[in-house]
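Encoded as structure tokens, the structure appears first; notes follow it.
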Amino acid sequence: MTYKIPLFDINFDDHETRAVVKTIESKWLSMGPRCIELEKKFCEMFSSPYSLTTSNCTASLHLALAALGISEGDEVIVPSLTFVATVNSVIYVGATPVFADITSFEDLCIDPSDIERKITSKTKAIIVMHFAGFPCNMNKIMEIAKKNKIKIIEDACHGPLSEYNGKKLGTFGEVGCFSFFSNKNISTGEGGMVITDSEELYNKMKLLRSHGMTTMSYQRAAGHATSYDVIDFGYNYRMDDIRASIGIVQLEKLHGDLIKRAQIRKLYEKYLAENEQIIIPFQNNTYFVSNYIFPIVLRDSDSNKRDYIRNKLHDAGIQTSIHYPAVHHFTAYIKYSISLPKTDYVTDNEITLPMYSKLTESEIHYICDRLNEK
């Protein structure tokens with residue numbers, strides 16, 4: 001079905017096309033100069049000394065955990081209200097995921113108090129996910145981590161350029177991980193990035209990113225090396241230059257795109273202000289954020305009512321989604337499942353409305369009118 005108003009729309013134009021054509025004409029398509037350029041621009045944008053392009057954010061999370069030495073017997077505290085990749089990465093290194101609840105229906109990020117309750121002698125790391133691009137309570141979480149000597153990994157796939165207390169998300173923990181999936185704020189189809197302040201972690205992740213090889217093809221082709229050794233059992237988590245060339249253009253557009261998204265959020269808040277059956281999470285936020293998605297939570301509801309409303313919006317030509325089915329309910333995670341009452345309510349009663357910079361006020365008004373009728 002072609003929706004009158006889709007859930008998202010990529011912010012592409014001729015600039016991305018020309019960048020790809022230029023890369024193809026260069027005859028270097030795999031990881032090379034465009035990846036290096038994208039990494040440099042990311043470092044500058046995030047005031048981070050080290051960054052690495054990756055094949056996707058899942059790879060970024062896996063590299064972060066592996067470089068930190070998280071392994072079998074360790075526990076990693078994670079949210080359940082997230083895409084499953086956040087948690088899968090813990091399984092990849094043989095560690096045990098420990099699920100924590102969200103803060104509230106108004107704040108869908110991981111709850112620092114529940115993090116603190118879940119810490120044991122086996123806890124070695126916490127993965128925070130900045131939901132919709134809104135920051136977790138990093139002051140409290142960093143305080144907990146420091147007190148207990150626990151590492152922090154930020155899943156910032158929703159939050160490029162989002163801020164908290166004057167710092168960009170992804171720069172608080174040991175490693176920040178980003179996604180360039182097709183529906184993200186920065187879109188390259190597939191792709192990701194890791195950033196870190198640690199030269200040691202950077203070197204470990206760089207080595208693991210490409211089979212544990214000491215030099216890359218581009219270095220050898222450029223005459224900077226003639227051979228290589230394999231000194232660790234790594235992975236193929238490389239980005240290619242075609243995607244990197246798109247990413248470079250997307251970075252240039254990012255801030256302007258986020259300004260428009262902030263304006264769209266304000267319009268949603270305006271037209272839904274009188275609807276007492278809806279909670280709009282993060283309304284008290286005062287920081288600059290990416291507004292990756294626009295979630296609402298239904299009051300006094302259940303999954304049947306939520307699905308009924310989604311179907312009515314569907315019939316009106318409005319595409320919606322759910323962010324997210326709770327990970328601890330998936331079949332693969334049954335043995336790790338625990339009671340998370342706030343997460344359970346939200347996963348049954350959340351609706352994600354369209355959010356992208358090309359949305360017009362009339363389209364937002366139309367969405368809200370249909371929603372207010374329900």
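The values are calculated or read from the model by the stated rules, or taken from the named source; none is laboratory data. These numbers were taken from a predicted model, which means no experiment stands behind them. All Cβ positions, even for glycine, are placed from backbone atoms using ideal geometry, and neighbour counts span all protein chains on display.
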Note to self: I'd like the full set of residues that are crowded, with 16+ Cβ neighbours inside 10 Å and not in a loop (DSSP other than H, G, I, E, B), limited to the stretch 296-314.
What the structure shows: I296, V297, L298, R306, I309, R310, L313
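Residue-wise test of (1) out of contact with any helix residue (DSSP H, G or I) (no Cβ under 6 Å at 6 or more places or on another chain); (2) free of Cβ contacts under 8 Å to residues at least 40 places away in the same chain.
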{"site": "S60", "(1), (2)": "yes, no"}
{"site": "G73", "(1), (2)": "yes, no"}
{"site": "L81", "(1), (2)": "no, no"}
{"site": "T96", "(1), (2)": "yes, no"}
{"site": "E106", "(1), (2)": "yes, no"}
{"site": "I110", "(1), (2)": "yes, yes"}
{"site": "K122", "(1), (2)": "yes, no"}
{"site": "P135", "(1), (2)": "yes, no"}
{"site": "A156", "(1), (2)": "yes, yes"}
Check: In the stretch 172-200, which residues are touching a strand residue (DSSP E or B) at 6+ places or on another chain (Cβ under 7 Å), of a type outside the set (D, E, K, R) and farther than 29 Å from V20 by Cα?
Finding: F172, G173, V175
Item checked: Answer residue from the stretch 341-353, given it is part of a helix (DSSP H, G or I) and in contact (Cβ under 8 Å) with a residue 24 or more places away in the chain and is farthest from F8 (Cα to Cα) among those -> P341
Margin query: I'd like to know if the stretch 315-330 contains one or more residues that are more than 21 Å from the chain's Cα centre (by Cα), touching a residue at least 60 places away in the same chain (Cβ under 8 Å) and not in a loop (DSSP other than H, G, I, E, B).
Written below: yes
Check: Is it fair to say I127 is buried (at least 24 other Cβ atoms within 10 Å of the Cβ) and free of Cβ contacts under 8 Å to residues at least 40 places away in the same chain?
Finding: no
Margin query: On the basis of being modelled with pLDDT under 95, out of contact with any Lys or Arg (no Cβ under 9 Å at 6 or more places or on another chain) and outside the structural domain of L258 (by TED's automatic domain parsing), does Y228 make the cut?
Written below: no
Next item on the list: For residues that are surrounded by 12 or more Cβ atoms within 10 Å (Cβ to Cβ) and assigned to a loop (DSSP other than H, G, I, E, B), tally how many sit in the stretch 5-48.
Entry: 13
Check: Which of (1) part of a helix (DSSP H, G or I); (2) touching a residue at least 24 places away in the same chain (Cβ under 8 Å); (3) under 21 Å from I115 (Cα atoms) does I338 not meet, given it meets every other one?
Finding: (1)
Checklist line | Residue count for the stretch 94-113, restricted to those that are among the charged types (D, E, K, R) and farther than 9 Å from K342 by Cβ | finding: 2
Margin query: Can you tell me how many residues within the stretch 270-295 are part of a loop (DSSP other than H, G, I, E, B), under 21 Å from S162 (Cβ atoms) and modelled with pLDDT of 95 or more?
Written below: 13
Next item on the list: Can you tell me which residue within the stretch 263-286, out of those that are in contact (Cβ under 8 Å) with a residue 24 or more places away in the chain and loosely packed, with under 13 Cβ neighbours inside 10 Å, is nearest to D369 (Cα to Cα)?
Entry: E274
